[in-house]
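Peer 1: After the structure tokens below, expect a handful of questions from me.
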Amino acid sequence: MSDVSDAIIHIGPRLAVALVLLTALAAVVNHLSGSGMATATVRAVLRAILQLGVLALVVTVVIDVLWASILFVLVMAAVAACTSAGRVTGRPGVIRPETMHAAVLCLIPVGAPTLVIVALLVATGVLPMTGLAIIPTAGIMFGAAMNTTSLAGKHCLDSLAERHGEVEAAMSLGFLIREARLEICRPAAATALIPALDQTRSVGLVTIPGSFVGMVLGGASPAAAAAMQLFVLIALLAVSAIASALTAEFVARGLLARAVVAA
């Protein structure tokens, strides 16, 4: 057991028991509250255990091979896009034929901003062209873009369904359907930016990010860790802003919609 691991948390049987109890607590509360997420909570934890185990093995193999690291990043982008597509269309889980179009479309707000920003950072020398630098950086950005796309898409579609009368009223005044829908979608999509904004505003006061702690425990100076964390937070704001704007545009154009499956 490394000194860094010991400094953060003790790995052993007691940790396993704590994880089981926390999972049970979350599931029981979700069941009693009527959220309908009890089973989803347990399933998410089991998937996390499996996926983190696989991640540890895969990263160990690919992290020193640049082309393999790039391929792994592209796989991450595809999985993130499929996850967002499932949330937006209301068909989460395994990708289905009726959501394949949405998955391909979600690849733009989920994957494109991250891939472009990472490529520019590597080209300018800000980010080393190594798997050790590219994989975690891209992964953090994909996660932010995925969450923003999922929330923005869901909020836009919910708002359009609730306020369809306003869309029709705007069209009667001469607005094109895209313009009328954007009047509803833009503020709805903007709510998906709140987590990233709050995280940036509260950093150092309410939250101490894991990457900051990890760098300090790994031997980096607090100043270097703070600079790295600032880069991460601003990058997350950038990819989230792009993902939100693109998702609102796609919903307004009718390209992203809830899946309709024949009974």
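Peer 1: For segment 151-183, which residues satisfy the criterion of being in contact (Cβ under 8 Å) with a residue 40 or more places away in the chain, surrounded by 16 or more Cβ atoms within 10 Å (Cβ to Cβ) and over 21 Å from MET141 (Cα atoms)?
Peer 2: Correct list: CYS156, LEU157, LEU160, ARG181, LEU182.
Peer 1: If you don't mind, there's one more thing I want to ask. If you check ALA44 against the conditions, is it surrounded by 11 or more Cβ atoms within 10 Å (Cβ to Cβ), in a helix (DSSP H, G or I), touching a Cys at 6+ places or on another chain (Cβ under 9 Å) and modelled with pLDDT of 90 or more?
Peer 2: In short, no.
Peer 1: Condition first: small (Gly, Ala, Ser) and either within 18 Å of the chain's Cα centre (by Cα) or outside any helix (DSSP H, G or I) (or both). Now tell me which residues in segment 145-198 satisfy that.
Peer 2: Selection gives ALA145, SER150, ALA152, GLY153, GLY174, ALA188, ALA189, ALA190, ALA192, ALA196.
Peer 1: Then there's this: Within segment 2-14, restricting attention to residues that are out of contact with any Ser or Thr (no Cβ under 7 Å at 6 or more places or on another chain), within 19 Å of ALA48 (Cβ to Cβ) and surrounded by 11 or more Cβ atoms within 10 Å (Cβ to Cβ), which residue is modelled with the highest pLDDT?
Peer 2: ILE8
Peer 1: Please verify whether ALA80 is closer than 18 Å to ALA145 by Cβ, assigned to a helix (DSSP H, G or I) and modelled with pLDDT of 90 or more, treating the condition exactly as stated.
Peer 2: Against the criterion (closer than 18 Å to ALA145 by Cβ, assigned to a helix (DSSP H, G or I) and modelled with pLDDT of 90 or more), ALA80 qualifies.
Peer 1: One residue is enough: does segment 47-59 have a residue meeting the conditions of a type outside the set (Asp, Glu), in contact with a Phe, Trp or Tyr (Cβ under 7 Å, 6 or more places away or on another chain) and not assigned by TED's automatic domain parsing to the domain that holds MET129?
Peer 2: yes
Peer 1: Which one of these is more than 24 Å from GLY131 (Cβ to Cβ), in contact (Cβ under 8 Å) with a residue 40 or more places away in the chain and in contact with a helix residue (DSSP H, G or I) (Cβ under 7 Å, 6 or more places away or on another chain): SER69, SER84? Lay out the reasoning, then the answer.
Peer 2: Values: SER69 fails: more than 24 Å from GLY131 (Cβ to Cβ).
After ruling out the rest, the residue left standing is SER84.
Peer 1: Here's a check for you: in segment 199-211, which residue that is in a helix (DSSP H, G or I) and surrounded by 14 or more Cβ atoms within 10 Å (Cβ to Cβ) is modelled with the lowest pLDDT?
Peer 2: Going through the qualifying residues, I end up with SER211.
Peer 1: Without any contact (Cβ under 8 Å) to a residue 24 or more places away in the chain, assigned to a loop (DSSP other than H, G, I, E, B) and not aromatic (Phe, Trp, Tyr): is that true of LEU127 in this structure?
Peer 2: yes
Peer 1: Next up: Is it fair to say GLY214 is modelled with pLDDT under 90, in the same structural domain as ALA80 (by TED's automatic domain parsing) and part of a loop (DSSP other than H, G, I, E, B)?
Peer 2: On the way: modelled with pLDDT under 90: yes; in the same structural domain as ALA80 (by TED's automatic domain parsing): yes; part of a loop (DSSP other than H, G, I, E, B): no.
For GLY214, the condition - modelled with pLDDT under 90, in the same structural domain as ALA80 (by TED's automatic domain parsing) and part of a loop (DSSP other than H, G, I, E, B) - is not met.
The values are calculated or read from the model by the stated rules, or taken from the named source; none is laboratory data. Please read these numbers as outputs of a predicted model, since none were measured by experiment. Note that we place each Cβ from the backbone using ideal geometry, even for glycine, and neighbour counts take in every protein chain shown.
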